[in-house]
Amino acid sequence: MQHSVPPPADDAFSADLLRGHTDTIVLATLRRGDRYGFEIYKAIRDATGGAHEIKEATLYATYRRLTQDGLVEAYWGDESQGGRRKYYRITDAGRAVFRRNVAAWVATRDVIDALLEQAGPLTTPATKGSDR
């Protein structure tokens, strides 16, 4: 009996997984320097080679929440480069939360990796047998 291997996770699964880490992703982007809203969006998109984009509405809700929580400060830039833009900068509290979130992510990844390794190698169509 030959077992088929399910196709790779689709984009919806990847997006769902990443959605829970939007705050950490934005904080990581701001650790590199102050940025305005759309610039953060582009940095995230570009960092993944266009494979992942966070909806602008989601990002702006994230900016508001991070600002209300004191993790990010917002300020208006000057108009010397076109329209007036709202910039965001990470605060010391935001840096602390970022470090905690990354530590939690690493611990979670390590547990998942250990569990997946315990299950043994996955079979592929080129290999016969079961992965059970």
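Just so it is clear, none of the values below were taken in a lab; they were calculated from the coordinates. From a predicted model like this one, the values you see are computed outputs, not experimental measurements. Note that each Cβ is placed from the backbone with ideal geometry, even for glycine, and that neighbours are counted across all protein chains shown.
Identify the trypsin sites (Lys or Arg not before Pro) of segment 40-111 meeting these criteria: DSSP loop state and at most 13 other C-beta atoms within 10 Å of the C-beta.
When the trypsin sites (Lys or Arg not before Pro) of segment 40-111 are filtered for loop state and at most 13 Cβ neighbours within 10 Å, K55, R84 remain.
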Point to revise | Distance (nanometres) between label positions extended 7 Å along Cα→Cβ at R95 and Q118 | key: 3.8
**Study point:** Cα shape, segment 61-123, gyration tensor, a/c 1.5 rule
**Key:** prolate
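What is segment 18-101 by shape, rounded, prolate or oblate, if you read a ≥ b ≥ c off the alpha carbon gyration tensor as root eigenvalues and call it rounded for a/c under 1.5, prolate for a/b larger than b/c, and oblate otherwise?
On the way: a/c = 1.72, a/b = 1.11, b/c = 1.54.
Because a/c hits 1.5 or more and a/b fails to exceed b/c, segment 18-101 counts as oblate.
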**Study point:** Cα→Cβ-extended label distance, 7 Å offset, between L17 and A61, nm
**Key:** 2.2
